[in-house]
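Structure first, then comments.
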Amino acid sequence: MKVMIIYESTRGRTKAMAEAIREGATLAGGECAVVDAQDFSSLEGVCALAVGSSTRMTRVLPIVKRILSELPKLNGLPTAAFGSYGWSGEAPDEISAKLKELGGTLVSEQPIKAKDYPAESILAECRSLGEKLAASCS
Ligand SMILES: Cc1cc2nc3c(=O)[nH]c(=O)nc-3n(C[C@H](O)[C@H](O)[C@H](O)COP(=O)(O)O)c2cc1C
């Protein structure tokens, strides 16, 4: 069973957050897969899930949006949302709401948001989110 981190990122900022979440999960001894949204196929073998997207025109990017609309019920799966933004940052909140609606259990009510490139303090938050997700798998 593994932690899966699905992200969509145009300039690598949300991707950097995904990599930091992976670092945390791996350090905590968890198995972890970082998946570019365009390569996502299924949640098979997933014990915790983080989904990230930057914000474009106040919305989630299109591939993550489609994935969220196609995911099965999450039945209490530990979940989290994250993403980089420029000024308003709606996408991570939209992802959180959708994960909750699908029946996921948010490991943190507040998604992690990074203005522009994630600062070191945000990357540290991402690492601890990864640790939490890995812990929720054991
Ligand atoms: C066409 C376009 C529209 C955007 N719209 C928003 C927006 O509505 N709200 C916001 O907070 N940021 C907006 N942004 C800024 C991006 O979210 C920001 O640059 C982010 O850091 C990109 O992260 P990424 O590299 O992970 O895609 C927009 C950027 C572009 C290019």
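The values are calculated or read from the model by the stated rules, or taken from the named source; none is laboratory data. Since this is a predicted model, take the numbers as computed values, not measurements. All Cβ positions, even for glycine, are placed from backbone atoms using ideal geometry, and neighbour counts span all protein chains on display.
For the range 107-119, name all the residues that are out of contact with any Lys or Arg (no Cβ under 6 Å at 6 or more places or on another chain) and either farther than 16 Å from Thr58 by Cα or not aliphatic (A, V, I, L, M) (or both). Talk me through it step by step, then tell me what you get.
Initial filter on the range 107-119 (out of contact with any Lys or Arg (no Cβ under 6 Å at 6 or more places or on another chain)): 108-116, 118-119.
Scanning the range 107-119 gives Ser108, Glu109, Gln110, Pro111, Ile112, Lys113, Lys115, Asp116, Pro118, Ala119.
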*Of all the residues that make up the range 28-58, how many are out of contact with any Lys or Arg (no Cβ under 7 Å at 6 or more places or on another chain) and at pLDDT 95 or above?*
20
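From the residues in the range 89-138 that are of a type in the set (Asp, Glu) and farther than 15 Å from Leu49 by Cα, which one is surrounded by the most Cβ atoms within 10 Å (Cβ to Cβ)? Talk me through it step by step, then tell me what you get.
Keep residues of the range 89-138 that are of a type in the set (Asp, Glu), which gives 90, 93-94, 101, 109, 116, 120, 125, 131.
Then keep just the ones that are farther than 15 Å from Leu49 by Cα; that gives 90, 93-94, 116, 120, 125.
Numbers: Glu90: 16, Asp93: 16, Glu94: 20, Asp116: 12, Glu120: 8, Glu125: 22.
My answer is Glu125.
Only one of Leu129, Leu74, Leu43 is in contact with a Gly (Cβ under 7 Å, 6 or more places away or on another chain), of a type outside the set (S, T, N, Q), in a loop (DSSP other than H, G, I, E, B) and under 15 Å from Val3 (Cα atoms); which? Step through it out loud before you land on a result.
Details: Leu129 fails: in a loop (DSSP other than H, G, I, E, B); Leu43 fails: in contact with a Gly (Cβ under 7 Å, 6 or more places away or on another chain).
Residue meeting the stated conditions: Leu74.
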*Is there a residue in the range 72-82 that is within 14 Å of the ligand (Cβ to nearest atom) and on the phi < 0 side of the Ramachandran plot?*
yes
*Selected residue (criterion: farthest from the chain's Cα centre (by Cα)) from residues of the range 90-109 that are without any contact (Cβ under 8 Å) to a residue 24 or more places away in the chain and closer than 19 Å to Arg127 by Cα*: Glu109
*Among the residues of the range 105-138, count how many are under 13 Å from Leu27 (Cβ atoms) and of a type outside the set (A, V, I, L, M).*
6
*asked:* Given the criteria in a helix (DSSP H, G or I) and within 12 Å of the chain's Cα centre (by Cα), does Val64 qualify?
replied: yes
*asked:* Being surrounded by fewer than 21 Cβ atoms within 10 Å (Cβ to Cβ), among the small types (Gly, Ala, Ser), within 13 Å of the ligand (Cβ to nearest atom) and on the phi > 0 side of the Ramachandran plot narrows it down to one residue among Gly86, Gly12, Gly45; which is it?
replied: Gly12
_Being part of a helix (DSSP H, G or I) and in contact with a Ser or Thr (Cβ under 9 Å, 6 or more places away or on another chain) is the filter here; which residues of the range 77-103 pass it?_
Ala91, Pro92, Glu94, Ile95, Ser96, Lys98, Leu99, Lys100
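Here's a check for you: in the range 18-42, which residue that is under 17 Å from Pro72 (Cα atoms) and out of contact with any strand residue (DSSP E or B) (no Cβ under 6 Å at 6 or more places or on another chain) is surrounded by the most Cβ atoms within 10 Å (Cβ to Cβ)? Give the derivation first.
Just the residues of the range 18-42 that are under 17 Å from Pro72 (Cα atoms), to begin with: 37, 40-42.
Those left that are additionally out of contact with any strand residue (DSSP E or B) (no Cβ under 6 Å at 6 or more places or on another chain): 41-42.
Values: Ser41: 6, Ser42: 9.
Here the answer is Ser42.
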